[in-house]
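Trainee: Let me give you the structure first, and then I'll get to my questions.
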Amino acid sequence: MNLNNNDLLIRLRYALDLKNTEMVEIFELGGIELSKEEVLKVLTKTQHSDDFEDDILEDEDHIPCDDEMFESFLNGFITFKRGPKPGQTGRPELTYEHVNNLLLKKVKIALSLTSEDMIDILDLAGVVITKGELGAIMRREGHNNYRVCGDRYARNFLKGLAIRYRG
């Protein structure tokens, strides 16, 4: 199953036990104005047709989360957890990197996690990753050693977060 940005948000919200009002605030800190009702529409799963797994049925109670919205949320999450960057005015510039890489990088920053913490979190979900492999995922896109973070790592990182933070 491929994860989309809505799935990632739903799993991140669950893992860290974020309330609806906190989700609204985080989106706002990232520069996106959404009502509580709109946030709930972002946090609904899409319906798949039985005949075609990739064929998503349109649902008026669903708001798709594009890459820009997802990255804005993650930037808002950093501000929510750590406060505004000194000297920063306005919203942070978007990088448009691969969403799974962004997820790991920005959650690491927001929660002040070390590389060892990240490895431990993945280990909680049953995934063994070396410091070198993690470093390749955390590099900036375009770097020689950069590697795209697959859905498996993203899904298991969120699963490990849930184990760690929800106990």
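The values are calculated or read from the model by the stated rules, or taken from the named source; none is laboratory data. Fair warning: this is a prediction, and the values are worked out from it, not measured in the lab. All Cβ positions, glycine included, derive from the backbone under ideal geometry; neighbour counts span all protein chains shown. The area values use the complete protein model at the heavy-atom level, side chains included, leaving out ligands, DNA and RNA. Shrake-Rupley method; radii C 1.70, N 1.55, O 1.52, S 1.80 Å.
Trainee: Tell me which lysines have Cα within less than 30 Å of K19's Cα, excluding those fewer than 8 residues away on the same chain?
Mentor: K19 reaches K36, K41, K45, K81, K85, K105, K106, K108, K159.
Trainee: Continuing with the same structure: Label-point separation (nm) for E33 and L124, each offset 7 Å from Cα along Cα-to-Cβ?
Mentor: 3.7
Trainee: Still on this structure, please answer the following. With a sphere of radius 15 Å drawn around the Cβ of K131, what net charge do the other residues whose Cβ falls strictly inside it have (Lys, Arg +1; Asp, Glu -1)? Could you put the intermediate results ahead of the total?
Mentor: Numbers: positive: K108, R139, R147; negative: E116, D117, D120, D123, E133.
Neighbour charge sum, excluding K131 itself: -2.
Trainee: Then there is this: Could you compute the FRET efficiency for E68 and N144, with r as their C-beta to C-beta distance and R0 at 35 Å, rounded to 0.05?
Mentor: Details: r = 27 Å, r/R0 = 0.78.
Approximately 0.80, to the nearest 0.05.
Trainee: Carbon and sulfur together cover what percent of the accessible area of the chain at a 1.4 Å probe radius? Intermediate values should be presented prior to the final figure.
Mentor: On the way: 4470 of 9530 Å².
About 47 percent, which is the carbon plus sulfur part of the accessible surface.
Trainee: Would you mind pulling out the separation of the Cα centroids of the range 103-167 and the range 1-30, in Å?
Mentor: 17
Trainee: Accessible area per residue of the chain at 1.4 Å probe, in Å²? Mind showing how you got there, number by number?
Mentor: Working: 9530 Å² over 167 residues.
With all protein chains present, the chain gives 57 Å² per residue.
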